[in-house]
1. How many nm separate the modelled label positions at residue 241 and residue 402, each set 7 Å beyond the Cα in the direction of the Cβ?
2. Check the straight Cα-Cα distances from residue 245 and name the lysines below 24 Å, setting aside those fewer than 8 residues away within the same chain.
3. How high is the relative contact order of the range 221-357? Use alpha-carbon pairs under 8 Å, at least six apart in sequence, and give a whole percent.
4. Taking the full set of protein chains and a 1.4 angstrom probe, give the accessible area of residue 69 in square angstrom, rounded to the nearest 10.
5. DSSP loop chymotrypsin sites (Phe, Trp or Tyr not before Pro) in the range 165-246 with at most 13 other Cβ atoms within 10 Å of their Cβ, which ones?
6. Which peptide among 240-248, 72-80, 161-169, 218-226 comes first, and what is the full order, when sorted by highest mean count of other Cβ atoms within 10 Å?
7. Please report the relative contact order for the range 150-265, taking Cα pairs under 8 Å with a sequence separation of at least 6, and give it as a percent rounded to a whole number.
8. Just how large is the dipole of the range 265-329 about the Cα centre, in debye to the nearest 20, putting +1 at every Lys and Arg Cβ and -1 at every Asp and Glu Cβ?
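The values are calculated or read from the model by the stated rules, or taken from the named source; none is laboratory data. Just so we're clear, the structure is a prediction, and the values are computed from it rather than from any experiment. Cβ atoms come from the backbone with ideal geometry, glycine included; neighbour counts cover every protein chain shown. What goes into the accessible areas is simple: the full protein's heavy atoms, side chains included, and nothing from ligands, DNA or RNA. Shrake-Rupley method; radii C 1.70, N 1.55, O 1.52, S 1.80 Å.
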Amino acid sequence: MSTALAAQGFPEDQVRARARHGAAAVFPAESGYGSGLLGAAPAPYAPTGEDDLERIRIVPPVFMPDRLKKLIDLGREPLYSDVDLETVIGGFTSRLPVYVSAFGSTQVASHDLGEAAGRQAAELGIPLVIGENVVPVNGYRTADDAGASPLLGRIAAYAEAADDEHGGVAVQQSTEDADAEVWNLVYSDPVSEPLLATGRLAFELKVGQGAKPGLGGLTVLGRDTASRVAEQYATDEVFGADSDKVLRVSSPGTFTEEILRQQIRLMRNNFPRVRVWVKLHPGRDVALAAATAWAAGADAVTVDGAEGGTAWAPTGFLGHVGLPLADCLRRVGRKDRCLLASGRVWEGTRAVKALALGARAVGLGRAALLAVDEDREAGLRRLVEAFALELRMLTSAVGKYHVNALDPEDLFLPAGWCTPPAAPGAA
């Protein structure tokens, strides 16, 4: 067990409990069975703040025709264990509607922590996203070229633990990554071949991120490291000229509708063996941006709500910039496309709401890192086992037996919730 990581304002204790105890942590403490009386939701499940996704309630019907169909199919009364969670995420077959979000080059996703997350994600049969700026900061290979960098280490750990049918790896690229030709390197590297051969490698174009919409990546570096990457990055002396730390500043990149379309077309032409993903920050035109990406041929679009993020960001951005995930989902709406959603996801109720509102799968970011930090061998597996139990129970409770069948009819939406007019070109 390690407690090196902290996540202020996030239900860290609950996530760590699930990483230790797995599915059992979905229930109240066993010691209170037979003596405790349960009613109104205890924290952290009670609705809080202005988060509409938390204030939405899941509402089972009385009459359940789909349960009757399942009964006839099975020849017995169906149980929650009969719910099918397998789905297709951005062209990858996944055992669950869950993926591990990108950690980027942030220090918290250290070499061994990132590899442990990749290995456990592969064992679970769910996709793994590897964040941007890993190569420009850490290099593509080690100094002696004998070992693996964090990027190659994560890919290799995933490929070694995965089967040949489930999951996949998506490698992000931003402006500095493009300068370092990250996708070209990965595409031609033998480490990637097992994933390429089975159609389980994707490249994700990073347009933005929920923790700091409109800004590029920000990390804190020591002066020696900062000088080593000075050709790739700008730095800012925000900590003072006497400090041994500087702020490393990444470019956010510049996008218009046409630039995004051309970027996706180039990806499809230059890397025909990979799937194409696009990650959007929670911008006010998120519906138009998603529609533009899909129309250009993206296999998946990830919307990172303002609640998301695992790395360094200005505190003002964390509290005041970007649309909440619920509003992103409301604006994009339900489409016959692969929409991925991330932002403060750690348990099943928030996931089911996002899935019912149109997401194909949800991303675990801070929760995944905390789980792996708690137990490098099995913490993420246990967290996802608890997650899967809740998904099955909640989906069964609304009378459905495949997670893709969840729908807004399964939700009681907050007062004033409405769907805005579609943006031009977003239909």
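1. Those two pseudo-labels are separated by 6.6 nm.
2. Answer for residue 245, where 24 Å is the Cα cut-off: 212, listed by chain and number.
3. Relative contact order, the range 221-357: 18 percent.
4. Residue 69 has an accessible surface of roughly 140 Å² with all protein chains in place.
5. Sparse-neighbourhood loop chymotrypsin sites (Phe, Trp or Tyr not before Pro): 239.
6. Highest to lowest by the protection proxy: 161-169, 218-226, 240-248, 72-80.
7. 25
8. I would put it at about 400 debye.
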